[in-house]
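The values are calculated or read from the model by the stated rules, or taken from the named source; none is laboratory data. Given the structure is predicted, the values throughout are model-derived calculations rather than measurements. So basically every Cβ, Gly included, is an ideal-geometry build from the backbone, and we count neighbours across all protein chains shown. All accessible areas refer to the heavy atoms of the entire protein, side chains included, with ligands and DNA or RNA removed. Shrake-Rupley method; radii C 1.70, N 1.55, O 1.52, S 1.80 Å.
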Amino acid sequence: MARFRISTAGLEELVGDTPPERLAFEPIANVFDEFDGYGKSDRKRPTFCSVQVSRTDTGRKTFLTVTDDGAGFKNPDDIFTLFGPTEKRAAATVRGRFNTGEKLLIAVAHRAVVRSNNITVAFGKDDCDVTRHRSEKFDGVEIQCLMPWNLGETKRVISALKNLRPPEGL
């Protein structure tokens, strides 16, 4: 048995009151960080960050999709592992040293799908299903989440996203 266990219900409880726009920024900030690079990294940097926000057919929930064409997850287990080992911790000024960003968003999501390189991880409310593809390759990362945001919260997210400024060149 692992030394510790993380309760996704407990994590959702901890971050559930986080403003929706802050949660929406998490995967976008990851793309910005990848673009800025991590020191002397030779990883492929993204050339774009696409963000789509839409309401479900019933109008009771919101879809959030963030896509980029960067290098993707270096270690596929990082998609579903909190606080995993990372070379980012070597420099205290580097963001993303705790591998928590998109996990906070996913903890609140009703469901989510993350695609990166040859792996797809589908998150349900209490589980995740990992599929490793032999030939299908997705360049970069795509995170699709079904969020419990009402119309007012969705409008706040869209308004806040319009004020985001990507790094120059992205």
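Summary of computed values
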| quantity | calculated |
| --- | --- |
| Given charges at Cβ of Lys, Arg, Asp, Glu: the chain dipole, positive-most of Pro85, Pro166, Thr67 | Pro85 |
| Of all accessible heavy-atom area on the chain, the percent that carbon and sulfur account for (1.4 Å) | 51 percent |
| Option label - Cα extents along the principal axes in Å computed here, alternatives (i) 97, 32, 31; (ii) 46, 45, 36; (iii) 57, 30, 25 | (ii) |
| Loop-resident sites, region 95-170, for GluC sites (Glu not before Pro), counting at most 11 other Cβ within 10 Å (DSSP) | Glu168 |
| Surface accessible to a 1.4 Å probe, per residue, for the residues of the chain, Å² | 61 Å² |
| Listed pairs Lys74/Lys155; Lys88/Lys137; Lys88/Lys155; Lys74/Lys125; Lys61/Lys103; Lys103/Lys162 exceeding 29 Å between Cα atoms | Lys74/Lys155; Lys88/Lys155 |
| Taking the chain and dividing mean pair separation by its residue count, relative contact order in percent (alpha carbons under 8 Å, at least six apart) | 28 percent |
| More than 19 angstrom apart: percent of Cα pairs within region 1-66 | 57 percent |
